[in-house]
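Each remark here refers to the structure printed beneath this line.
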Amino acid sequence: MNNTELTLMEIYDKLFNYYGPQNWWPGDTDFEIMLGAILTQNTSWENVEKAILNLKPYLDPYSISKMDENILSVLIKPSGFFNVKTKRIKNFLGWYEQKGFSVNVLREMKTQDLRDELLSVNGIGRETADSIILYAVDKPIFVVDAYTKRLFERIGFEIPKDYDSIQELFHSSLETNTYLFNEYHALIVIHCKTFCKSIGRCENCFLNNCCNFYKNK
């Protein structure tokens, strides 16, 4: 059972009222968002932005699919783990080429079918796949990350251990809505970067009156 009287929607309302719309994901094109979802694995967004800036002259799927791996790895070096991420980008593009490099083809697929196919690509995990589906393909799926688990466990929700069960908690509690899922994930991230850090800034947090972690300190 949850040790809080608040619903997930009420938490969303509090976050939205404080921070306002976040308008995620940062990116000028659907393809840039897809690349960003891969590049952000195990690094900060600031490092991803540096890599994306290097890629700007080549930011279409055909160009990068034909690019030499050594050149690509140099361009994305600021994102860290650049050799691994080069392989993952190439793997993703091999799959995306089968779809004609068309985001509209992805939008015509059923969400679960699209997710299953993305997860079959070597190097694409659940968070990356769901970020691509939500932010680039504009399909309603809730993205779970470490911030999600930290915030809601601290507030007092009983959070499952595995990714899919956490996601189902949100899917079953919220309206299936792309904008809602988009904003909610972004708001969780900004809140955990602002207040709910690994060492929380609880005294100044506007959620501390409904947070078990703060009350039990």
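Using label points projected 7 Å from each Cα along Cα→Cβ, tell me how many nm separate residue 120 and residue 210, to one decimal. Output for this residue pair reads 4.2 nm. Axis angle, to the nearest 10 degrees, between helix 178-194 and the longest C-alpha principal axis of the chain: 70 degrees.
Separation of the stretch 57-85 from the stretch 94-172 is 23 Å, based on Cα centroids. Structure note, pairs 50/90; 14/50; 85/149: Cα-Cα distances above 22 angstrom occur for 14/50; 85/149. Stokes-Einstein diffusion for the chain, with the hydrodynamic radius set to the Kirkwood value over Cα pairs and evaluated at 37 °C in a medium of 0.692 mPa s, equals 179 µm²/s. Relative to the 2.2 N^0.38 Å rule of thumb, the stretch 30-136 has a C-alpha radius of gyration ratio of 0.98.
Residues within the reach of a label modelled at residue 66 (point 7 angstrom out along Cα to beta-carbon, backbone nitrogen below 18 Å), restricted to the stretch 86-103, are 90-91, 93-102.
Between residue 217 and residue 158, take the C-beta separation as r, use R0 = 25 Å, and let me know the FRET efficiency to the nearest 0.05. The value I calculate is 0.80. Between the exposed loop cleavage positions of the chain, defined as GluC sites (Glu not before Pro) in a non-H, G, I, E, B DSSP state with at most 14 neighbouring beta-carbon atoms within 10 angstrom, the longest gap is 6-157.
Structural descriptor for the stretch 10-108: relative contact order 25 percent, calculated from alpha carbon pairs under 8 angstrom and at least 6 residues apart.
Bear in mind these aren't lab numbers, they're just calculated from the coordinates by the rules spelled out. Note that the structure is a prediction, hence the values are computed from the model and not measured. With ideal geometry, Cβ positions are generated from the backbone for all residues, glycine too; neighbour counts draw on all protein chains shown.
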